[in-house]
Amino acid sequence: MTTRGIYITANDQVIDHAIACLNSIRAHDPDIAVMLIPYSDDYHQVAELLQRDYGVELYPDLAFIQRLSENLQAIFGQGFFARPNTFRKQACWFGPFDRFIYIDTDVVVFSAIANVLDHLDDYDFISYDYQHRGGIRNVFAPAILEQGVFTAAELEDVFNCGFWGSKKGLVSEQDLYDTFAECAAHPDYFDFSEKTSDQPIINYLILQRVARRFNLVRQPGGGPGNWAGSPHFVQQGMTLSDPNVNKPLDYLHWAGYRIQPGCPYWDIWAYYRYLRDPDNRPADVPPPAPSSISVLSRKAGSLLSRLSK
């Protein structure tokens, strides 16, 4: 039987993000297996909480994660990457799930998100974002095209590393080491200017080694966006839709944002953070906003009332 599941990375510093993320996952899919890959050594509090409240299991081979991370960092040299621990997520390829999604914890989902794994019947790797619309920035430098490493068409497949899915064993440990060595020999291929770490290297890995890949925003009729920096989404209560394709969002990703009051869609994140614990919602965290339909109904009712007088 093929096992399916979701991997996340977290440590105790992002426990609130992990709670919001898991509240959203469990609200829509109470049974999908979720596994924690520790982002650093200070993970015990978040691991205990996620296991107790959400049934999240700890990755079974922590020594392997440490070895893999250290070996990958060593290829480029200490201090090269701004956030080298992001490479720990590459343990996904070697964990217990035959088919998996990796999800950053600064994400909330609006559907039974593991259903996207059905696309792996036809593909070996799936992504789900409009990263390519912004060109190659934060992934590659112009040299990658100028030197013929990838074609312009291939670069249309760049993706955000906060949400992707694939199959166990598709990439070997040696594949990772070989890819990192290729990349270390050509740092001019990559855009690390805004301190991205894993995204350039993993894009190179997938574009070089995985031919059967698919970005779900290219589904028939187009797929909805999912970046919190997109201002055009329509909000109804705690859900969002994308009017460009007339479809509801499957997830929302706060990539590049500090999640705090005033950030985009703060009320949605706060809703999921305190979904199971509304009595402990801090005073400065607003309650869930009423749906836009409710607001319009009240306004219409008020107008009719004034007109009838």
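The values are calculated or read from the model by the stated rules, or taken from the named source; none is laboratory data. If you're wondering where the values come from, they're calculated on a predicted model, not measured in any experiment. All Cβ positions, even for glycine, are placed from backbone atoms using ideal geometry, and neighbour counts span all protein chains on display.
Among the residues of segment 177-194 satisfying the criterion of being under 20 Å from A91 (Cβ atoms) and either exposed (fewer than 14 other Cβ atoms within 10 Å of the Cβ) or not aromatic (F, W, Y) (or both), which is modelled with the lowest pLDDT?
C183
Could you check, for segment 212-225, whether at least one of its residues is surrounded by fewer than 21 Cβ atoms within 10 Å (Cβ to Cβ), at pLDDT below 95, of a type in the set (K, R) and assigned to a loop (DSSP other than H, G, I, E, B)?
No, every residue in segment 212-225 fails to be surrounded by fewer than 21 Cβ atoms within 10 Å (Cβ to Cβ), at pLDDT below 95, of a type in the set (K, R) and assigned to a loop (DSSP other than H, G, I, E, B).
Residue check, I8 against (1) under 20 Å from Y274 (Cβ atoms); (2) among the aliphatic types (A, V, I, L, M); (3) part of a helix (DSSP H, G or I), all met but one. Which one?
Result: I8 fails condition (3) only.
Of the residues R88, R99, R83, which is in contact with a Lys or Arg (Cβ under 6 Å, 6 or more places away or on another chain) and touching a residue at least 60 places away in the same chain (Cβ under 8 Å)?
Just a single option satisfies the conditions, and that option is R99.
Considering only residues that are touching a strand residue (DSSP E or B) at 6+ places or on another chain (Cβ under 9 Å), closer than 30 Å to D188 by Cα and outside any strand (DSSP E or B), which ones fall in segment 117-142?
D124, Y128, D129, Y130, Q131, H132, V139, A141
How many residues does segment 67-124 hold that are within 15 Å of V171 (Cα to Cα) and of a type in the set (D, E)?
2
Looking at V107 and the list (1) of a type in the set (A, V, I, L, M, F, W, C); (2) under 15 Å from I201 (Cβ atoms); (3) touching a helix residue (DSSP H, G or I) at 6+ places or on another chain (Cβ under 8 Å), which single condition is not satisfied?
(2)
Sort out which residues of segment 51-71 are of a type in the set (A, V, I, L, M, F, W, C), surrounded by fewer than 18 Cβ atoms within 10 Å (Cβ to Cβ) and assigned to a helix (DSSP H, G or I), and write them in order of number.
Selection gives L62, A63, F64.
Look through segment 72-116, keep the residues that are hydrophobic (A, V, I, L, M, F, W, C) and in a strand (DSSP E or B), and return whichever of them is surrounded by the most Cβ atoms within 10 Å (Cβ to Cβ). Show your work before the answer.
Taking segment 72-116 as the starting set, the residues that turn out to be hydrophobic (A, V, I, L, M, F, W, C) are 72, 74-76, 80-82, 87, 91-94, 97, 100-101, 103, 107-110, 112-114, 116.
Remaining after also requiring in a strand (DSSP E or B): 100-101, 103, 107-109.
Values: F100: 25, I101: 26, I103: 26, V107: 23, V108: 29, V109: 27.
It comes out as V108.
Looking at (1) under 26 Å from V116 (Cβ atoms); (2) over 20 Å from the mean Cα position of the chain (by Cα); (3) in a loop (DSSP other than H, G, I, E, B), which one does G148 not meet, given that it meets all the others?
Only one criterion in (1) under 26 Å from V116 (Cβ atoms); (2) over 20 Å from the mean Cα position of the chain (by Cα); (3) in a loop (DSSP other than H, G, I, E, B) is unmet by G148, namely (1).
Restricting to segment 250-289, what's the tally of residues that are assigned to a loop (DSSP other than H, G, I, E, B) and either among the aromatic types (F, W, Y) or modelled with pLDDT under 50 (or both)?
4
Looking only at segment 27-46, which residues are farther than 21 Å from K167 by Cα and crowded, with 20+ Cβ neighbours inside 10 Å?
Answer for segment 27-46, where residues must be farther than 21 Å from K167 by Cα and crowded, with 20+ Cβ neighbours inside 10 Å: Y39, Y43, V46.
I'm checking my understanding of the structure. Among residues of segment 231-247 that are in a loop (DSSP other than H, G, I, E, B) and without any contact (Cβ under 8 Å) to a residue 40 or more places away in the chain, which one is surrounded by the fewest Cβ atoms within 10 Å (Cβ to Cβ)?
P231
I'd like the full set of residues that are within 16 Å of A91 (Cα to Cα) and among the hydroxyl-bearing types (S, T, Y), limited to segment 44-64.
Hit for segment 44-64 is Y59, nothing else.
In segment 66-120, what count of residues is obtained for those that are at positive phi and of a type outside the set (G, A, S)?
Total satisfying the criteria: 0.
I want to confirm something. Restricting to segment 200-211 and keeping residues that are within 16 Å of A184 (Cβ to Cβ) and not aliphatic (A, V, I, L, M), which single residue is surrounded by the fewest Cβ atoms within 10 Å (Cβ to Cβ)?
Selected residue: Q208.
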